[in-house]
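Just below is one structure, and these are the notes that go with it.
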Amino acid sequence: MLAFAARHLPSPRRWLVRNLLISGLMATTAIPAAGIAAATDNDTVTLYNGQHEQAVGLLVADFEKRTGITVRVHSGEAPEIANQLAEEGRSSPADVYFTENSPELALLEEKGLLAPVAAATLAEVPAQYNSPKGDWVGVLARESVLAYNTAQVAVGALPASLLDLAKPAWQGKVGIAPSDGDFLPLVSAVAALKGQDVALAWLRGLEKNAQTFDDDEGVVAAVNRGAVATGVVNNYYWARLRQQNGPAGMHSAVYHFMHGDVGGLVNISGAAALAAAPHPEAAQRFLAYLVSEPAQALLATTDIIFEYPLRPGVAASPLLKPLDQLQPPAIGISELGDDANAAPLLRQAGLL
Amino acid sequence: MTIGVPVGPARRLGAPRFAAWRVASRRRRTAAGSRPPPFPLLAAAAIVALLGLLPIGVTLSRAMQVDVAAAGALLFRPLVGRLLFNTLALVAAGTLTAAVVGTAAAWFVERTRLPGRRIWASLAAVPLAIPSFVTSFAWVSLSPAFQGFPGALLVVTCAYYPLLYLPVAAALRGLDPALEETARSLGCGPWQRFTRVVLPHLRPALFGGMVLVALNVLVEFGAFALLRYRTFTTEIYAEYRTGFAGPQAALLAVVLMMLCVAFLAIESVARGHVRYARVARGTGRVATRYPLGRARLPVLLGFVVLVVVTLGVPLGMILFWLTQPGAAAITPAEVSAGILISSTLSSLEYGAAGASLTMILAFPIAFLAVRYDGPVVAAIERAAWLVQGVPGIVVALALVALTVHTLHPLYQSSLLLVIAYAILFLPLALVSIKASLQQAERRLEDVGRSLGLGWAAVTRRIVLPVAGPGLAAAAAMVFVAVVTDLTTTLLLAPIGTHTLATRVWVDTSTLAFAAAAPFAALMATISLLSTGLLAHRFGGTNRLRNDLTPGARR
């Protein structure tokens, strides 16, 4: 019956039309004006964010309180934002880019879109976690792991290598999220360490074996409820699920690939200032804040994000295996590259 | 007096995007003069039509940047086949279940002595006012088991069966009881009368409704993304997430647009052919209602289940999560009063701005279509019709790709988002504006003019009072559509802008259901209130009955 509204013509109700039109017109003209009003001083900073939105929300609120600088946040999936910055080029309104994985920063660095990070900021973090060129600073580290359902897989049956998951024995027993920003660096790492052909064969095997999800949250939740036996995720997704469900609600555990297997890749979440930033000073202040003691402590203790803080002396969440006990593959930031090959490989394998 | 012709019933409120739509309909045009349309009007309408076609042009040109070999490799890969299968399987299953549920509900409400008919009739239409991604938020937060095809089918059926219920109910009300009486006198039993007389007459309404469901399923994004069911729209979004507005996304978008246009074409062809008319001159009557007898309880139970599933679960789950502490979410994101108010305000502002611009842009085309004829007018109408075949995600991607380099001042501006809404909901507004303008007949204006009123006075004193309520209803419908829009807002919202829809999205996609609940509740409230107000003011059941009862119309 609702659908017939327009056919009926009761007594005139012009006020409604008039009110709607007038308020609408006012809104049409007012909104864009407000958007343009952002001044080009250093009281604001525009953050393009590929990290988890809720965690960044905490950081931004704290930063605003400490400095009085207003942060405008544009959030999205990390590779999307990186490609957006590349498309926008020098006309981008962005001051700072904060992302989950280093290859996205490498891409922008290659294109010459990043400004050098202040030396004092770089010095807060061990040098191996920063850009070799000094164009971006490492903020957090995350480990790639295999989450497994404890009722479905015995510890002894877990694979020694990530590449084993492409073998027929694992058909239907693997969950992956190929369009999640965190999967691309893993593909890049396999390609860099084992070669393109091995990487493609591995992905083709996964295409046969794996159930695909949109994001790591979906993978780890599926593993925990037993919909799939194992899942390739970053460590903190499991930690977050444990935080939500409590120990009693966990039917899964985390398996760390050891002995330098590519599956145990440790990725750097970093940040950079844009070369064409409209607010360069505020941008550098935000970078300095990200590696400062209070920000790193905030990130280490919040229940929202479970990543390793890179500033020495700030302890990671006890839910995580200590960073120095991991045995990640021997691959440097420059060898990992910019993920340029990852998406084409995924498409070739039919995963994207 | 026509009986079976779809009476433009599927004018939607809320989530789905498509409305019943006829191009250059062969209806008798009231005093459609042979005068050519005034040039300014024609120019305005043509500009709007071109604006509407802009996303199609941009998408095609972006897709063309991929060289042929690469395009072949991209299009003819297993994934595209799987997406095609996923999408079409859901389209087929969803239209069928919606048709069965919608027809059954309509028949029991209209043709039986069902207790509480009026209440069921109202409740059956309400799901249209609940955005489908809120429905899927509810189901997926109830249990992750609803992910995948079964969940997607359930959500599609819940969200869109009113698109079948409404036209079928209208067709049943308009059906001449004499036909069934004749069949009965010729020895047909009740089931035979239904299958051989009633059902064939419902065919136009059924078919039109099913195509609307199919189109809505094709362009739906949020609901399927939350249910982790991969269709073309979710895959275009995945491409966007890994590569921004690249040519790969444009290629997939072209395939999706072709699917949409194919369904639009099927619909318009079908509408052109099926027509049932009552030719007798006698007074029409309202059909007798069948007693339900022993079936009364099971049927009532069926309606209770229907309402619980389509309304109870979505609204109930929102209420449930509202009472949960934020810590029940994986990410206990802060939900402060300030964030709630600012998101609500920006939803309302964009709703108002979107509705205004859409009305302003749609008006010239609607006026032209109602008052004038000719090949140019037909071409403009056809262009506006084609805009329906462009899903929101494609419109948004095209506008991003266009403004990131050229037209840069518009990039990331709120004006661009409002323009996107106007393009997206142009067809929706056109349907209603045309209907209300048809009521304001040319003759009335002529009378006014002959009595010495000027152009402005005629508009103010005759056209607006007659067409005004219908126009307001059209604006309100676009308003609700904008407030509940997810895809376009997600891609085009200016930096720092969050609407209720994007808040629900951010929290639900990270499984933070408790954090999403207040935003979902506010959005559902706005949508239900606006829709309820609209129905109350402009479409009472009695009025409806009068209008559709044979013989009651002029």
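The values are calculated or read from the model by the stated rules, or taken from the named source; none is laboratory data. In this text, all values refer to a predicted model and were calculated from it rather than measured experimentally. Neighbour counts are summed over all protein chains in view; Cβ atoms, including those assigned to glycine, are modelled from backbone coordinates with ideal geometry.
Observations on the structure shown:
- With respect to being more than 10 Å from chain A (Cβ to nearest Cβ) and over 30 Å from A:Gly89 (Cβ atoms), B:Ala467 falls outside the description.
- Which numbered condition A:Ser252 misses (of (1) in contact with a Gly (Cβ under 9 Å, 6 or more places away or on another chain); (2) facing chain B (nearest Cβ under 9 Å)): (2)
- Filter result (in contact (Cβ under 8 Å) with a residue 12 or more places away in the chain and farther than 22 Å from A:Ala288 by Cβ) within segment A:85-100: A:Ala86, A:Gly89, A:Arg90, A:Ser91
- Residue in segment B:272-289 that is modelled with pLDDT under 90 and closer than 30 Å to B:Leu60 by Cβ present: yes
- Checked against the criterion of being at pLDDT 50 or above, outside the structural domain of B:Leu123 (by TED's automatic domain parsing), over 22 Å from B:Val376 (Cβ atoms) and loosely packed, with under 15 Cβ neighbours inside 10 Å, segment B:38-60 has at least one qualifying residue.
Residue by residue, here is whether (1) modelled with pLDDT of 95 or more; (2) of a type in the set (Ser, Thr, Tyr) holds:
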residue	(1), (2)
A:Val145	yes, no
A:Tyr148	yes, yes
A:Gly156	no, no
A:Leu165	yes, no
A:Asp180	no, no
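- Exclusive hit being more than 14 Å from chain B (Cβ to nearest Cβ) and without any contact (Cβ under 8 Å) to a residue 12 or more places away in the chain, set A:Ala169, A:Ala160, A:Ala199: A:Ala169
- Note on segment A:254-275: among residues that are part of a loop (DSSP other than H, G, I, E, B) and among the hydrophobic types (A, V, I, L, M, F, W, C), the one that is farthest from A:Arg242 (Cα to Cα) is A:Ala275.
- Any chance A:Ala330 is touching a Gly at 6+ places or on another chain (Cβ under 8 Å), more than 18 Å from A:Leu162 (Cβ to Cβ) and not assigned by TED's automatic domain parsing to the domain that holds A:Gln211: no
- Qualifying residue in segment A:49-66 (condition: at pLDDT 90 or above, over 17 Å from A:Arg285 (Cα atoms) and in a helix (DSSP H, G or I)): no
- Residue count, segment B:291-316 (criterion: in a loop (DSSP other than H, G, I, E, B) and free of Cβ contacts under 8 Å to residues at least 40 places away in the same chain): 0
- Odd one out for A:Pro93, checked against (1) more than 11 Å from chain B (Cβ to nearest Cβ); (2) modelled with pLDDT of 85 or more: (1)
- Those residues of segment B:236-245 which are free of Cβ contacts under 8 Å to residues at least 12 places away in the same chain and under 17 Å from B:Ala73 (Cβ atoms), in sequence order: B:Thr242, B:Gly243
- Answer from A:Ala282, A:Ala288, A:Ala297 - the residue that is in the same structural domain as A:Phe98 (by TED's automatic domain parsing), more than 15 Å from A:Arg142 (Cα to Cα) and surrounded by fewer than 16 Cβ atoms within 10 Å (Cβ to Cβ): A:Ala297
- Residue within segment A:266-281 that is of a type in the set (D, E, K, R), over 23 Å from A:Leu320 (Cα atoms) and touching a residue at least 60 places away in the same chain (Cβ under 8 Å) present: yes
- Wholly enclosed helices (runs of 4 or more DSSP H) of segment B:138-233 bearing at least 3 residues away from every other protein chain (no Cβ under 12 Å), without any contact (Cβ under 8 Å) to a residue 60 or more places away in the chain and buried (at least 20 other Cβ atoms within 10 Å of the Cβ): none
- If you go through segment A:67-104 and keep only what is under 21 Å from A:Ala118 (Cβ atoms), among the aliphatic types (A, V, I, L, M) and in a strand (DSSP E or B), you end up with A:Val71, A:Val96.
- Residues being buried (at least 18 other Cβ atoms within 10 Å of the Cβ), among the small types (Gly, Ala, Ser) and either assigned to a helix (DSSP H, G or I) or more than 14 Å from every other protein chain (Cβ to nearest Cβ) (or both) - total across segment B:404-461: 8
- Per-region count, segment B:362-390, residues surrounded by fewer than 24 Cβ atoms within 10 Å (Cβ to Cβ) and within 14 Å of another protein chain (Cβ to nearest Cβ): 2
- A single member of A:Val219, A:Val228, A:Val232 is more than 22 Å from the chain's Cα centre (by Cα), aliphatic (A, V, I, L, M) and outside the structural domain of A:Glu307 (by TED's automatic domain parsing), and it is A:Val228.
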